[in-house]
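Data block below; observations after.
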Amino acid sequence: ACTGIENIDEAITLLEQNNWDLVAAINGVIPQENGILQSEYGVETLHGPAYGPTSHSAAASSAPSSSSAFRHVVPSRQIVERQPRMLDFRVEYRDRNVDVVLEDSSTVGDIKRILENELQIPASKMLLKGWKTGDVDDSTVLKSLHLPKNNSLYVLTPDLPPPSSSHSGALQESLNQNFMLIVTHREVQREYNLNFSGSSTIQEVKRNVYDLTSIPVRHQLWEGWPPSATDDSMTLAVSGLTFPCHRLTVGRRSSPVQTREQSEEQCTDVHMVSDSDGDDFEDATEFGVDDGEMFGVASSALRKSPMMPENAENEGDALLQFTAEFSSRYGDCHPVYFIGSLEAAFQEAFYGKARDRKLLAIYLHHDESVLTNVFCSQMLCAESIVSYLSQNFITWAWDMTKEANRARFLTMCTRHFGSVVAQTIRTQKTDQFPLFLIIMGKRSSNEVLNVIQGNTTVDELMMRLMAAMEIFSAQQQEDIKDEDEREARENVKREQDEAYRISLEADRAKREAQEREMAEQFRLEQIRKEQEEEREAIRLSLEQSLPPEPKEESTESVSKLRIRTPSGEFFERRFLASSKLQVVFDFVASKGYPWEEYKLLGTFPRRDVTQLDPNKSLLEVKLYPQETLFLEAKE
């Protein structure tokens, strides 16, 4: 009504430039000679919100003269000549920052030409990134991008040599670090301990604080940001925060409209009053503008990626995506989620040895709940909670946002926990999520010890986890005792079985040894018998082959030999003196003393007769007319 501006986006941009001071915004658009001066109408003429239909009605009701003054300034159908709008750009290239100020009628190519002179880089080799809209080329007019007053861009030069690895390595290390921000809410004197990764932006911090304090980003009044933190799109790693812990204070900006001088004084620190770049504009519906269409950005671009795919065939793959998305949203300090089916999580938690069993914690996520962001960032990502869960729990997660995934989990819940637990979860409202189920395995069933809703604190969550652990520990001690007794009984049985087995083995070995001994004795007896039979056959053969014994009255020369055996017996025989010595050997062998085993010894002189030539006669070997010989076994 005052300026003739009908484009809502342009009006909001002008208000941002003037810290939502309506009078200052109008004076910045209308030439001063026709403008509304503070001295004439004063600040007190506007008491409502800084924008929206109610502000105009409030002004009209409180000061009718102001309404007439507005109609006097801009007559019907009058076109107001606008001053050119200036845009500020901070462009980052490697370790340099370049500030560029241009009119919104300039093009992207104009920015590149200025950077070409500042950075000494050909414009053709520059890639200018950081635009919050779609594809941008050198001919794009800045006005068409609906940019805010202050903007941050960065230059990429893929065709040029990269910077030294030391700087990029240090930056990457900073991006991977976790910062603890201790934020004090000034009005209620309450502290929040927030964990953010170094890659998070200042804008993300302010959005999280909005979830905790209900103070919209544009109404937040900050203290404690470093002087180098000049842009909400800047990451925490490069903002100059104290690592690992940094203190900040936030409050709500006072609602009355400020004077231009007060606005300029408070805007000396860009973070004292946050701009609304990237905010959700909770009041934008009053203008008939959808949240997802502010500044021409499609609503799909503002939505986060789903935690879990809908109708996932494999639960393990779904949990992998859940873990990756959870890390990207809330950082790497989070519970270690079990990757696998719910049945596999049961096996891991409940069906090992009693000493190794754990409680099962099931985290049920819901993106549409207002408590989800705070619960995840403040509860699940708290180091004390993460450490306690990793030591005592197997943590499994599921996303209940999609109806198909919700129905699938309720089916699993009915199968494993019964219809009562499934009905309890089914009746939970969206704003009661996220839920944390504590499950304890028992001999016959799985018992749900606790259902923790999202509206809790870190201390309360820790207390309920510890209470569940006390119940579980008592049950675990009983299970360990029963298991030890069972193992002791099994050990005794195993020892008895082993002793019985060893006894059987010993008996069998003894029996086999006896059988082998008997078989060996039988074999030796057989050999002995065979040898005796063979000896007897040889003896009989020799005995039969001996020449007949000559008679005493024989006319031929006869030699009489007397032979003593090893046992002391004697046997005598007469031999012809012309008989060969072999005949004597055969005679001795026929008596059972073969000359291969025994030797025949003479007395005077002592000699071994078996060493003499057996073909010589008795007369020649001097065994005539008579001789006494001894049989001695050979060694």
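Residue under question is residue 531, and the condition is that it be at pLDDT below 90 and polar (S, T, N, Q); does it hold? For residue 531, the condition - at pLDDT below 90 and polar (S, T, N, Q) - is met.
Remark: pairs (first residue in segment 182-201, open to solvent by 30 Å² or more (accessible area, probe 1.4 Å); second residue aromatic (Phe, Trp, Tyr); Cβ separation under 7 Å; 6+ apart in sequence or on different chains) are absent. If only residues of segment 347-359 that are of a type in the set (A, V, I, L, M, F, W, C) and surrounded by fewer than 19 Cβ atoms within 10 Å (Cβ to Cβ) are counted, the one that is farthest from residue 394 (Cα to Cα) is 354. Scanning segment 580-600 for residues that are surrounded by fewer than 16 Cβ atoms within 10 Å (Cβ to Cβ) and modelled with pLDDT of 90 or more turns up just one, 582. When the residues of segment 101-128 are narrowed to those that are hydrophobic (A, V, I, L, M, F, W, C) and part of a strand (DSSP E or B), which ends up surrounded by the most Cβ atoms within 10 Å (Cβ to Cβ)? Going through the qualifying residues, I end up with 128. Residues in segment 73-92: is at least one at pLDDT 85 or above and aromatic (Phe, Trp, Tyr)? Yes; the residues of segment 73-92 include at least one that is at pLDDT 85 or above and aromatic (Phe, Trp, Tyr). Is it true that residue 503 is surrounded by fewer than 11 Cβ atoms within 10 Å (Cβ to Cβ), touching a residue at least 24 places away in the same chain (Cβ under 8 Å) and more than 30 Å from residue 192 (Cβ to Cβ)? Against the criterion (surrounded by fewer than 11 Cβ atoms within 10 Å (Cβ to Cβ), touching a residue at least 24 places away in the same chain (Cβ under 8 Å) and more than 30 Å from residue 192 (Cβ to Cβ)), residue 503 does not qualify. Considering only residues of segment 456-473 that are hydrophobic (A, V, I, L, M, F, W, C) and open to solvent by 60 Å² or more (accessible area, probe 1.4 Å), which is farthest from residue 438 (Cα to Cα)? The extreme case among them is 463. Among the candidates 362, 339, the residue that is touching a Leu at 6+ places or on another chain (Cβ under 7 Å), farther than 20 Å from residue 194 by Cα and surrounded by 19 or more Cβ atoms within 10 Å (Cβ to Cβ) is uniquely 362. One residue alone among 525, 534 is in a helix (DSSP H, G or I) and open to solvent by less than 90 Å² (accessible area, probe 1.4 Å), and that residue is 525. When restricted to residues that are assigned to a loop (DSSP other than H, G, I, E, B), surrounded by 12 or more Cβ atoms within 10 Å (Cβ to Cβ) and at pLDDT 80 or above, segment 129-161 contains 10. Scanning segment 364-423 for residues that are among the aliphatic types (A, V, I, L, M) and touching a residue at least 60 places away in the same chain (Cβ under 8 Å) gives 364, 370, 371, 374, 379, 382, 385, 389, 397, 404, 412. With respect to (1) at pLDDT 90 or above; (2) surrounded by fewer than 17 Cβ atoms within 10 Å (Cβ to Cβ), the lone exception for residue 403 is condition (1).
Could you please find all residues in segment 560-579 being assigned to a loop (DSSP other than H, G, I, E, B) and over 15 Å from residue 548 (Cβ atoms)? Those that are assigned to a loop (DSSP other than H, G, I, E, B) and over 15 Å from residue 548 (Cβ atoms): 565, 566, 567, 568, 569, 577.
Each residue in segment 534-567 was checked for being without any contact (Cβ under 8 Å) to a residue 40 or more places away in the chain and of a type outside the set (A, V, I, L, M, F, W, C), and 15 of them qualify. Test residue 483 against the stated conditions and say whether it is in contact (Cβ under 8 Å) with a residue 24 or more places away in the chain and either open to solvent by 40 Å² or more (accessible area, probe 1.4 Å) or of a type in the set (Asp, Glu) (or both). Criteria met by residue 483. Hey, among the residues in segment 607-625 that are aliphatic (A, V, I, L, M) and open to solvent by 40 Å² or more (accessible area, probe 1.4 Å), which one's nearest to the chain's Cα centre (by Cα)? Out of the qualifying residues, it is 612.
Scanning segment 374-388 for residues that are over 15 Å from residue 435 (Cβ atoms) and open to solvent by less than 30 Å² (accessible area, probe 1.4 Å) yields 377, 378, 381, 382, 385, 386. When the test is whether a residue is out of contact with any strand residue (DSSP E or B) (no Cβ under 7 Å at 6 or more places or on another chain) and either part of a helix (DSSP H, G or I) or touching a residue at least 60 places away in the same chain (Cβ under 8 Å) (or both), residue 631 does not pass it.
The values are calculated or read from the model by the stated rules, or taken from the named source; none is laboratory data. Given the structure is predicted, the values throughout are model-derived calculations rather than measurements. Every residue, glycine among them, receives a Cβ derived from its backbone with ideal geometry; neighbour counts consider all protein chains shown. Accessible surface areas use protein heavy atoms only, side chains included; no ligands, DNA or RNA. Shrake-Rupley method; radii C 1.70, N 1.55, O 1.52, S 1.80 Å.
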